[in-house]
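Okay, so here's the structure we're looking at.
The values are calculated or read from the model by the stated rules, or taken from the named source; none is laboratory data. Given the structure is predicted, the values throughout are model-derived calculations rather than measurements. Every residue, glycine among them, receives a Cβ derived from its backbone with ideal geometry; neighbour counts consider all protein chains shown.
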Amino acid sequence: MNDYIKGSFWGAAVGDALGGALENMSSEEIANRHGTVTEILGGGWLDLQPGEYTDDTQMIIMVAEGILANPAYPIEEIGRRFLRWYYSNPRDIGTTTARSFESYLRCGSWKEASVITAKSLNKLDSNGALMRTLPVTFAYWNNPRDMAYWSVDIASMTHHSQESAACCIFYNYLVGVAACLKGNKRELFTKSLQFTDEQCARLDINPASFFWYVVKAVQSGAVNIIPKGKALDTLGATLQCFLHTETFEEALVKVVNLGGDTDTAGNIMGGLAGAYYGYEAIPKRWLNALLGKDRIAGVTDAFLKKFSRNFV
């Protein structure tokens, strides 16, 4: 299992870095400027260095570190890391996430902060929670009910959204069965959909669009989804590209060349494809190009040491 847990963490970072320079471009703009992007580039609206990842991977690392510090109740440990990062004035932070940080500083409660944000912003279903949820899979896989609970609770620190909560439960479980079961991808999808339905009922989560959206996304002949920044379209694009490709590299190249919110789509795909295909499937040229390897290696090694027994 270690190869697949490792593949998921490193795959997410590689996907983020591959998509980072293309963020906010359309597929036509990408094709006109670069052709089909298969290498990690620099630049983009954030003026990234080649191999630099964005806030997506930074937040995955913070969530992982918070869970490691207190797996029984990780919220406050994660929150402290979020705020320390916020005070550092990062150049890339989502609107909903930043507003919830500000709300927390006023009210002192993460759950209340996200509710305040939801009342003030008409942007409840963004992918800012989905992009950081990956570590929950591996920390709590030995008790899937706990995994679903913490997936929702950590997402709800900033995003008070039924759709986002359902997306996070589904993604976490899909990554877990991808790592453990392999096999037919559509069967993994069906298992994950059933689990999400059960957990949404148990946790009183009632998304208006999640179930019909993801089922429609994977039907034969479905229109290609562009990941534009919502949790649903980011997940839908990821599912389409994952189901219709055969390798880690093919899946990641396909999703980032769709355009839109390419760093997050790359991050989500990298986490899923890395769990399915394993670390050894990630192209070495991408791993070699990646910057900030020490923190990724640190949390990955710590998770392998602390949580790999969850998959025995």
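A few points about this structure:
- Selected residue [loosely packed, with under 15 Cβ neighbours inside 10 Å, part of a helix (DSSP H, G or I) and in contact (Cβ under 8 Å) with a residue 12 or more places away in the chain] from Leu68, Leu83: Leu83
- Considering (1) touching a Leu at 6+ places or on another chain (Cβ under 8 Å); (2) closer than 27 Å to Ala113 by Cβ; (3) hydrophobic (A, V, I, L, M, F, W, C); (4) surrounded by 19 or more Cβ atoms within 10 Å (Cβ to Cβ), the lone condition that Ile61 does not fulfil carries the number (1).
- Within the stretch 249-267, residues that are under 18 Å from Leu290 (Cβ atoms) sit with their Cβ atoms under 8 Å from residues that are among the acidic types (Asp, Glu) and surrounded by fewer than 24 Cβ atoms within 10 Å (Cβ to Cβ), at 6+ positions apart or across chains, in these pairs: Thr262/Glu23; Asp263/Glu23.
- Subset of the stretch 69-95 (residues that are over 19 Å from Val136 (Cβ atoms) and not acidic (Asp, Glu)): Leu83, Arg84, Tyr86, Tyr87, Ser88, Asn89, Pro90, Arg91, Ile93, Thr95
- Scope the stretch 257-302; condition in a helix (DSSP H, G or I), hydrophobic (A, V, I, L, M, F, W, C) and buried (at least 24 other Cβ atoms within 10 Å of the Cβ); matching residues: Ala265, Ile268, Met269, Leu272, Ala273, Ala275
- Among the candidates Leu121, Leu130, residue that is more than 19 Å from the chain's Cα centre (by Cα) and among the hydrophobic types (A, V, I, L, M, F, W, C): Leu121
- Across the stretch 16-52, the qualifying residues are those that are charged (D, E, K, R) and part of a loop (DSSP other than H, G, I, E, B), and the one among them that is nearest to Gly266 (Cα to Cα) is Glu23.
- Candidates Ala265, Ala281: the one that is at pLDDT 95 or above and touching a Pro at 6+ places or on another chain (Cβ under 6 Å) is Ala265.
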